[in-house]
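What follows is a short report on a single structure.
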Amino acid sequence: MLEHDSVRAIEWVDDKLRLLDQRRLPSEVVYLDCADTQSAAGAISAMVVRGAPAIGITAAYAVVLAAGAHYRNHPSSWKRRIETDLAELARARPTAVNLGWALQRMKGVLASVEGAPEQALLAEARLIHEEDIAANRTMATIGAAELKGTAVLTHCNTGSLATGGYGTALGVVRSAFAAGNITHVYANETRPWLQGARLTAWELVRDGIPVSVLCDGAAASLMSQGKIGWVLVGADRIAANGDVANKIGTYGLAIHARHHGLKFMVVAPSSTVDMSVPSGKDIPIETRDPEEVLSCQGHRITAQGANAWNPAFDVTPAELVDLIVTEKGKIENPTAEAMRQHMEPDR
Ligand code: MRU
């Protein structure tokens, strides 16, 4: 692995899917083995593995597990029987379009495979994984060139943990820091799961990149004090008009950034772009268990009897986005037409 690229959250080991249990970081580095679809889908829903590209890659490997099991037990009807598993995986988290995208890729191989399916499906899952890392590297180069000796603010975790490796927005951070284009990283803590405080800080400390964690509510003050030049975020789904669904709180950051005259960059592979949804209004937003807000790290912090509203994502309108970076290039001030041109197959 290259410099600033030492973490892999998803591995295929001994015919099983091995996931770094992100719920336990940074206190413990523990792995969870999944031997069937149910445990893989459960791991996605329960946030053992999270981040749109990582969810897609996990689902791809889970299809290998499902196909192997069904083929062994029912060699003539396994293609019909696997449908239930594919549906279970697709339901595991609704907003990250990389999940459905990866399942479609796996279905393409599944449809044409003859005889024992595991080898062909494993090759496709590995390809999806490798392509994601390659896309991250390309996006990192494109995004890093936009940053000129500034501090940046990130939200959630968009690093190696959230992807096949290296990261989307955090990949840009890694490459920009190596090139001397970033002076410091501010990481929003990202309630309620604390992906910024627990995961982004962990990744950056490992890589020797200076990071300060801040409460989500401190971001506007940070901007008003002129401490950053850019906000860098990932995406769970980008609509055909350039609207961006990402971790709850992203929309507010975009509004604050525009108010303070700062730049807002979204870094996501083209597998996160969903041209079938016209606008952000059409993106399904996952609402999670209120208990995640009412408690913190398993400790109840709210009076018994209080309720909570817990949307996991929000939608940032395209007009608040200055730059979208994919592995195909960059889109400045995204519009439906610019998105259409960017996503043309021959690009
Ligand atoms: O709920 P999570 O942790 O899966 O949310 C993750 C995000 O919102 C990320 O910003 C997004 O998936 C992009 S990760 C490269």
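A few comments on the model shown:
- Residue in region 1-15 that is modelled with pLDDT of 95 or more, under 18 Å from the mean Cα position of the chain (by Cα) and more than 16 Å from Gln195 (Cβ to Cβ) present: yes
- Gly165 vs. criteria more than 15 Å from the ligand (Cβ to nearest atom), assigned to a loop (DSSP other than H, G, I, E, B) and at positive phi: no
- Residue list for region 320-342, filter: under 17 Å from Glu131 (Cα atoms) and not polar (S, T, N, Q): Val325, Glu327, Lys328, Gly329
- Test: residue in region 104-124 that is within 16 Å of the ligand (Cβ to nearest atom) and assigned to a loop (DSSP other than H, G, I, E, B): no
- Candidates are the residues of region 182-233 that are of a type in the set (D, E, K, R) and in a helix (DSSP H, G or I); the one that is nearest to Ala140 (Cα to Cα) is Glu203.
- For region 311-332, the candidate set comprises residues that are in contact with a strand residue (DSSP E or B) (Cβ under 8 Å, 6 or more places away or on another chain) and either free of Cβ contacts under 8 Å to residues at least 24 places away in the same chain or in a helix (DSSP H, G or I) (or both); within that set, the residue that is nearest to Ile285 (Cα to Cα) is Ala318.
- Among the residues of region 51-84, those that are open to solvent by less than 20 Å² (accessible area, probe 1.4 Å), farther than 16 Å from Lys16 by Cβ and assigned to a helix (DSSP H, G or I) comprise Ala52, Pro53, Ala54, Ile55, Gly56, Trp78, Ile82.
- Residues being within 14 Å of the ligand (Cβ to nearest atom) and open to solvent by 30 Å² or more (accessible area, probe 1.4 Å) - total across region 253-283: 0
- The listed residue being in contact (Cβ under 8 Å) with a residue 24 or more places away in the chain, surrounded by fewer than 20 Cβ atoms within 10 Å (Cβ to Cβ) and in contact with a Ser or Thr (Cβ under 8 Å, 6 or more places away or on another chain), out of Ala169, Ala179, Ala162, Ala151: Ala151
- Of the residues making up region 23-30, not a single one is at positive phi and within 13 Å of the ligand (Cβ to nearest atom).
- Test: residue in region 88-95 that is assigned to a helix (DSSP H, G or I), exposed (fewer than 15 other Cβ atoms within 10 Å of the Cβ), without any contact (Cβ under 8 Å) to a residue 40 or more places away in the chain and not polar (S, T, N, Q): no
The values are calculated or read from the model by the stated rules, or taken from the named source; none is laboratory data. Every value quoted in this text rests on a predicted model; they were computed, and no experiment measured them. With ideal geometry, Cβ positions are generated from the backbone for all residues, glycine too; neighbour counts draw on all protein chains shown. Side chains included, ligands, DNA and RNA excluded: accessible areas come from the protein's heavy atoms. Shrake-Rupley method; radii C 1.70, N 1.55, O 1.52, S 1.80 Å.
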